[in-house]
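Enquirer: This is the structure I want to talk about, given as structure tokens.
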Amino acid sequence: MKKARPHVNQNEGLIFEHSSPGKRAWQLPPLDVPEVDPAAALGGDHIRESIGGFPEVSEVEVVRHFTRLSTWNYGVDTGLYPLGSCTMKYNPKVNEVVARLEGIAGVHPYQPDALAQGCLKILRLLSGCLLEITGMEAITLQPAAGAHGELTGILLVRAYLESRGNPRRKILIPDSAHGTNPATAAIAGYQVENIRSNALGTVDLDVLRRAVTEEVAALMITNPNTLGIFEENIGAIAEILHARGAQLYMDGANMNALVGMVRPGDAGVDVMHLNLHKTFSTPHGGGGPGAGPVGVKKHLEPFLPVPVLEKGAGGRLRLIHHRPQAIGRVRAFTGNFGVLVRALAYILACGGNGLKAATQDAVLNANYIRKGLEDVYDLPYKQPSLHECVFSDRLQAGHGVRTGDIAKRLIDYGFHPYTVSFPLIVHGALMIEPTESESKEELDLFIEAMREIAREAEQEPQTVLAAPHTTRVGRLDEVTAARRPILRWQEPIAE
Amino acid sequence: MRYLPKSDIERRQMLEALGLGGMEELFAHIPAEIRLSRPLNLPDGVSEMEVLRYFQKRAGENAAGYVSFLGAGVYHHFRPVVIDSLISRGEFYTAYTPYQAEIAQGTLQSIFEFQTMICQLTGMEVANASMYDGSTALPEAVLMAARITGRRKVAVARSVHPEYRQVLDTYTRFQGIQVRELEYDREAGTLAPFTIDDGVAAIVLQSPNFFGIVEDLERAAEMAHAAGALLIVVITEPVSLGLLKPPASADIVAMETQALGMAPSYGGPYAGVIATREKYVRSMPGRLVGQTTDAQGRRGFCLTLATREQHIRREKATSNICTNQALCALMAAIFMTVYGKEGLRELARQNLAKAHYAASRLKLKFSGPFFNEFVVAGGKTRALLDKKILGGLDLRKFYPELGEALLVSVTEVHTRQQIDELVGGLA
């Protein structure tokens, strides 16, 4: 295995197991005001006993604990992280530095606008860049993540249709969509109708025409879709919807395939969200935070959630909190601002040309992997790939090896697995998105590893089925975890 | 472009391997009429030095050198430096959601510890791996209460953070859930006497409430339970739990953890969390980490009870949440670990002492007990601004009935001298 070999792996218990009364990692300055008796100030009934079970450890133990835990993780900084639909690209270090500048990280959201002009300028510049990139006409930066952006977007559709007399009842969603799409539609009070993909893996125009009735509020489309295939009929899809008074929502999770090449706003999209933690390089943080700005066309602008940024007299920027037609507030304060700062740092560093070059490299990388693997893994949809490619485990399944097994074996070769078993329209899917951040060398190592695993699946399937062999824990018993959930540590009962 | 790890020679080699003559051919199947035929109208990319310079300039336009007594859901607390040094490890912050448990044990174990400490702090039995923030945790808690009780009404104290209530309206409007407001006592600042009928799914109360006043949660719980409703407790200042009794009488706690180690950062990112009783776990939104073992019996951790979530249940999921605020939850876990059992108590005592020191020389609006935040009658913030002091939040925009009133937060970061200047300016 060229990329990896095992090395010493420190054991580390739960922090509570290191605890011992009297140890401490904190020190506060001496109190410079008179002491206050908590019971007198708050009422004896309101005061608690000590926080049972809370740890008591020293600073060096805190540092070692979390450092050891970190070494059990794999990050983009470690290597290729080809999770499909997740866009695990490099997270530039300078982004982390600028987001932590005291004059940015220290700003309170209720500072008067006049004393937060720097933050407001950042919001305004980022808004302008994202509008140019997407071809949309107005934007909100409030949503905290992609699914939150979806909810905001569908509520905008609802408010717009309601203002025209009828919010309608249904949202159409292709069967290749992320699970967040139907879950979002449900929260916005809509019924979900799934649209079957055609043999090419894209939206079937005839099926769509039949489905779009006066009951339909919008279609939520992901473009390129979760197969990495561009919905070439996007223009016609928009026309079909618009002819019936419905809206076109685009899930921008896969926007890394399009920046600088295609603007959804030019293709008839009415409303879309971006995932700044995917396309615009902000770190995933082990699950978040992200940011999910929503771009809209003019007709949806009056409904944007508050606050809305406005340029006032003398070029002063301010936040408007009351707008008669707004859908309301989707989150307190001003969104995940620190994430927005990082995304702007990325856009400034790349510039227009750099963003386009990144898109091209991302698509080149995905196609290079596709080419390198298509003779050993089954490729169910042969349409051109953009930023990701989706194989199935059909050839390996004959030897009892499934996509999940191949993924686990990939860990032994020093790579993070791809996305397993998604999209649902491919049985046994291997969904691979390398992003632009991978060198040819890393891609060649990955292709070699995947080809080697295909050989193992045929000749020594047990090696793959028992993988991973090199991690500190083997495959975990998820069934028992769900059947008898242990969701917190509890102090052992003294005998 | 310095973020792209390929030479032009390598690009050509790769294109050749694909039988292509140029990059544009990779996009040739996209209809020409929707392809962008011009460069993006954005400036050219700049060096790291220039990126830094741009943001340093913006940072200088944000009240540099001011002392802030703003709170109202976002608190100025000291952030122990180990937080940033530890979360800056690439293995933590450049990792994805821990779906592949074998190489994500670091994230999984730290979330398990976060869940545990949130339970210890709140007196609840389970806590999730985080929500976007407190303001979205509240509507998720209300939707959860509606699922549990099968009822469609909710009674919310007006002393719950006003922006949280606005977010609640946005989320519940299309769920057929009716939101009714409960008044506060104009004298004490606590929840005023009220009655509810048995169509109510939950009573929502914040403590300390938006005015900083500590509420009687046990009484509210009795009222709720007598009517077959749940009690949802909102917490925006968790440092208070170093001293205050945990809201153990609540059925659901919807909490903002910003105060536990997250910078104000003009509104985010922070981390919300929902904690509840074990019997309600299957109605909970958001990710959960559970303990289990591998085939050799070694302890390990994995995401669990995923059948509640959108990627499995789609439109029948308990929430549409996917990405959460994991790294912020890690910050909170490190913060709680650094302060620990004794430290959090001492931190809370300092907050209490400093806030009461400030308040003792000011005219307060409310007589109820308060922790580190209080409402001052009057509101001469302009004079304070001249002295580079952000004196507090003018409450007129949220509570016009209070007249001139300022919400002031005093924490461990404020020195006696700074407090004296504030008091001098306000008195």
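Enquirer: I'd like the Kirkwood hydrodynamic radius of chain A, using the inverse of the mean 1/r over distinct C-alpha pairs, in Å. Show your work: numbers first, answer last.
Expert: Working: mean 1/r = 0.0395 Å⁻¹.
Radius from the Kirkwood sum: 25.3 Å.
Enquirer: Looking at the stretch A:147-213, I'd like the Rg to Rh ratio, where Rg is from alpha-carbon atoms and Rh is Kirkwood's inverse mean 1/r. Before the final figure, lay out each step's value.
Expert: Values: Rg = 12.6 Å, Rh = 12.7 Å.
Result: Rg/Rh = 1.00.
Enquirer: Give the whole-number value, in cubic angstrom per residue, of the convex hull volume spanned by the C-alpha atoms of the stretch B:181-315.
Expert: Working: hull volume 24.6 nm³, N = 135.
Here the figure is 182 Å³ per residue.
Enquirer: Among B:28-38, A:254-264, what's the highest-first ranking by average C-beta atoms within 10 angstrom per residue?
Expert: Details: B:28-38: 13.2, A:254-264: 24.7.
Answer by packing, highest mean first, reads A:254-264, B:28-38.
Enquirer: A further question follows. Determine the sum of side-chain charges near A:A291: Lys and Arg each +1, Asp and Glu each -1, restricted to other residues whose C-beta is under 14 angstrom from that of A:A291. Don't skip to the answer; put the middle values down first.
Expert: On the way: positive: A:K278, A:R331, A:R342; negative: A:E150, B:D133.
The answer is +1.
Enquirer: Could I ask something else about it? Roughly how many percent of the accessible protein surface of the stretch B:82-334 is carbon and sulfur, given a 1.4 Å probe and a whole-percent answer?
Expert: On the way: 2950 of 6200 Å².
Solvent-exposed carbon and sulfur of the stretch B:82-334 make up 48 percent of the total.
Enquirer: Once amide H atoms are built 1.01 Å from N in the peptide plane, which residues 5 or more positions from B:L364, or in another chain, come under 5 Å H to H?
Expert: It is B:A377, by chain and number.
Enquirer: Related question: Could you give the radius of gyration (one decimal) and Dmax (whole number) of the Cα atoms in the stretch A:10-51, in Å?
Expert: Rg then Dmax for the stretch A:10-51, in Å: 16.3, 48.
Enquirer: Could I ask something else about it? Whole-Hz Karplus ³J(HN,Hα) for the stretch A:374-383, in order, using 6.51 cos²θ - 1.76 cosθ + 1.60 and θ = phi - 60°, x for Gly and Pro?
Expert: Values per residue, Gly and Pro as x: 5, 8, 10, 10, 6, 10, x, 10, 9, 4 Hz.
Enquirer: Note down the relative contact order for the stretch A:183-327 as a percent, whole number, built from C-alpha pairs under 8 angstrom at least six residues apart.
Expert: So the answer I get is 14 percent.
Enquirer: Here are some pairs, A:K2/A:K356; A:K278/A:K311; B:K363/B:K387; A:K278/B:K57; which of them have Cα atoms lying more than 23 Å apart in this structure?
Expert: On the way: A:K2/A:K356 32 Å; A:K278/A:K311 29 Å; B:K363/B:K387 21 Å; A:K278/B:K57 27 Å.
Beyond 23 Å between Cα atoms: A:K2/A:K356; A:K278/A:K311; A:K278/B:K57.
Enquirer: For the stretch B:55-104, what D do you get in µm² per second when you plug the Kirkwood radius from alpha-carbon pairs into Stokes-Einstein at 37 °C and 0.692 mPa s? If you can, show how the numbers build up before the last one.
Expert: Values: Rh = 14.7 Å.
My calculation gives 223 µm²/s for D.
Enquirer: Just how large is the dipole of the stretch A:285-419 about the Cα centre, in debye to the nearest 20, putting +1 at every Lys and Arg Cβ and -1 at every Asp and Glu Cβ?
Expert: Numbers: 17 positive and 10 negative charges, 162 e Å.
Once rounded to the nearest 20, the dipole reads 780 debye.
Enquirer: With all protein chains present, how much of the accessible area of the stretch A:293-402 (probe radius 1.4 Å) comes from carbon and sulfur, to the nearest whole percent? Can you show the working numbers first?
Expert: Working: 1720 of 3460 Å².
It is 50 percent, rounded to a whole number.
Enquirer: Just need the relative contact order of chain A here, percent rounded to a whole number, with Cα pairs under 8 Å and 6+ apart. Intermediate results must be reported in sequence, preceding the final value.
Expert: Numbers: 872 pairs, mean separation 92.8, N = 495.
Rounded, it is 19 percent for chain A.
Enquirer: Over what distance in Å are the Cα centres of the stretch B:190-244 and the stretch A:383-425 separated?
Expert: Result: 49 Å between the Cα centres.
Enquirer: Here's a follow-up. Compare the Cα positions of A:H469, A:I369, A:T480 along the charge dipole of the stretch A:353-480 (+1 at Cβ of Lys, Arg; -1 at Cβ of Asp, Glu; about the Cα centre) and return the one farthest towards the positive end.
Expert: Sorting the options by dipole projection puts first A:T480.
Enquirer: Note every residue of the stretch A:258-296 with a reduction of at least 50 square angstrom in accessible area, all protein chains present versus the isolated chain, computed with a 1.4 Å probe, or write none.
Expert: The answer is A:M261, A:G285, A:G286, A:G287, A:P289 - residues whose exposure falls by at least 50 Å² when every protein chain is included.
Enquirer: Could you pull out every residue, at least 5 positions away or on a different chain, whose amide H is within less than 5 Å of the one on B:A248? Hs are placed 1.01 Å off N in the peptide plane, and Pro or chain starts have none.
Expert: Those lying under 5 Å, H to H, from B:A248: there are none.
Enquirer: Which ³J(HN,Hα) values, rounded to whole Hz and listed in residue order, are derived for the stretch A:264-272 from phi using the Karplus coefficients 6.51, -1.76 and 1.60 in 6.51 cos²θ - 1.76 cosθ + 1.60 with θ = phi - 60°, glycine and proline given as x?
Expert: Each residue's phi maps through the Karplus curve to give x, x, 7, 9, x, 6, 8, 8, 8 Hz.
Enquirer: May I ask you to order A:24-35, A:397-408 by the average number of other C-beta atoms within 10 Å around their residues, highest value first?
Expert: Values: A:24-35: 13.9, A:397-408: 20.4.
Those peptides, ordered most packed to least, come out A:397-408, A:24-35.
Enquirer: Right, next: Take peptide B:340-352, look around each residue's Cβ out to 10 angstrom, count Cβ atoms belonging to other protein chains, and average those counts. Walk me through the numbers on the way to the answer.
Expert: Numbers: counts 13, 12, 9, 7, 4, 5, 5, 2, 2, 6, 8, 1, 6.
Mean inter-chain Cβ contacts per residue within 10 Å come to 6.
Enquirer: Send over the per residue convex hull volume for the protein assembly as shown, Cα only, as a whole number of Å³.
Expert: It is 157 Å³ per residue.
Enquirer: Projecting each Cα onto the charge dipole of chain B (Lys/Arg +1, Asp/Glu -1 at the beta carbon, about the Cα centre), which of B:I235, B:A405, B:Q56 comes out farthest on the positive side?
Expert: It is B:A405, whose Cα lies furthest towards the positive end.
Enquirer: Given C-alpha coordinates of the stretch A:94-347, what is the ratio Rg to Rh with the Kirkwood estimate of Rh?
Expert: On the way: Rg = 18.0 Å, Rh = 18.5 Å.
Across the stretch A:94-347, the Cα-based Rg/Rh ratio is 0.97.
Enquirer: With all distinct Cα pairs included, what does the Kirkwood hydrodynamic radius of the stretch A:208-353 come out to in Å, to one decimal, could you say? Write down the numbers at each step before the final one.
Expert: Numbers: mean 1/r = 0.0582 Å⁻¹.
17.2 Å is the Kirkwood radius here.
Enquirer: Hey, another quick one. How large are Rg and Dmax for the stretch B:82-334 when calculated on the C-alpha trace, in angstrom?
Expert: Looking at the stretch B:82-334, its Cα Rg and Dmax stand at 18.0, 63 Å.
Enquirer: Run the Debye formula on the Cα coordinates of the stretch A:74-228, all scatterers equal and no solvent, and tell me log10 I(q)/I(0) at q = 0.09, 0.14 1/Å.
Expert: Log-scaled intensity ratios, in q order: -0.45, -0.95.
Enquirer: Which whole number gives the average, over all residues in B:405-415, of C-beta atoms from other chains lying within 10 Å of the residue C-beta? Numbers along the way, then the final one.
Expert: Working: counts 0, 0, 1, 0, 1, 1, 0, 3, 1, 2, 3.
What the average comes to for B:405-415 is 1.
Enquirer: Can you give me the long-range amide H partners of A:G252? Hydrogens built in the peptide plane at 1.01 Å from N, cutoff under 5 Å, separation of 5 or more residues or another chain.
Expert: The list, which skips near neighbours in sequence, is A:H273.
Enquirer: Under a Cβ-only charge scheme (Lys and Arg +1, Asp and Glu -1), can you give me the dipole magnitude of the stretch A:15-70 about the Cα centre, in debye to the nearest 20?
Expert: Working: 5 positive and 9 negative charges, 74 e Å.
Result for the stretch A:15-70 is approximately 360 debye, rounded to the nearest 20.
Enquirer: Over all distinct alpha-carbon pairs, what is the Kirkwood Rh of chain B in angstrom?
Expert: Numbers: mean 1/r = 0.0417 Å⁻¹.
Mean inverse Cα-Cα distance, inverted, gives 24.0 Å.
Enquirer: Apply the membrane-span-like helix rule to chain A: whole DSSP H runs, Cα extent along the own long axis of at least 24 Å, mean Kyte-Doolittle hydropathy at least -1.0. List the helices found.
Expert: Numbers: long enough: A:117-134 (25 Å, 1.06); A:146-163 (25 Å, 0.49); A:337-373 (40 Å, 0.61); A:440-459 (28 Å, -0.71).
Result, helices passing both filters: A:117-134, A:146-163, A:337-373, A:440-459.
Enquirer: Let me make sure I get this right: for the stretch B:128-220, a, b and c are the square roots of the gyration tensor eigenvalues over alpha carbons, sorted descending. Under 1.5 in a/c it's rounded, otherwise prolate if a/b > b/c, else oblate. Which is it?
Expert: Details: a/c = 1.77, a/b = 1.28, b/c = 1.38.
Since a/c reaches 1.5 but b/c is at least a/b, the shape of the stretch B:128-220 is classed as oblate.
Enquirer: Across peptide B:329-335, how many C-beta atoms of other chains are within 10 Å of each residue C-beta, on average? List each step's numbers first, then the result.
Expert: Values: counts 5, 6, 1, 0, 3, 6, 1.
Across B:329-335, the average partner-chain Cβ count within 10 Å equals 3.
Enquirer: Return one quarter of the surface area of the convex hull spanned by the alpha-carbon atoms of the stretch B:259-328, equal to its mean projected area, in nm².
Expert: Working: hull surface 26.9 nm².
Reported value for the Cα convex hull: 6.7 nm².
Enquirer: Turning to a different aspect of this structure: Indicate the helices, whole DSSP H runs only, in chain B that combine a mean Kyte-Doolittle hydropathy of -1.0 or more with a Cα extent along their long axis of 24 angstrom or more. Could you put the intermediate results ahead of the total?
Expert: Working: long enough: B:105-122 (25 Å, 0.32); B:326-359 (37 Å, 0.44).
Passing helices, by number: B:105-122, B:326-359.
Enquirer: Please give the per residue volume of the convex hull enclosing the alpha carbon atoms of the stretch A:353-480, rounded to a whole number of Å³.
Expert: Working: hull volume 15.7 nm³, N = 128.
Hull volume over Cα atoms, normalised by residue count, gives 123 Å³.
The values are calculated or read from the model by the stated rules, or taken from the named source; none is laboratory data. Just so we're clear, the structure is a prediction, and the values are computed from it rather than from any experiment. Using ideal geometry, Cβ is built from the backbone for each residue, glycine included, and neighbour counts are taken over all protein chains shown. Heads up: the accessible areas ignore ligands, DNA and RNA and are worked out on the full protein's heavy atoms, side chains in. Shrake-Rupley method; radii C 1.70, N 1.55, O 1.52, S 1.80 Å.
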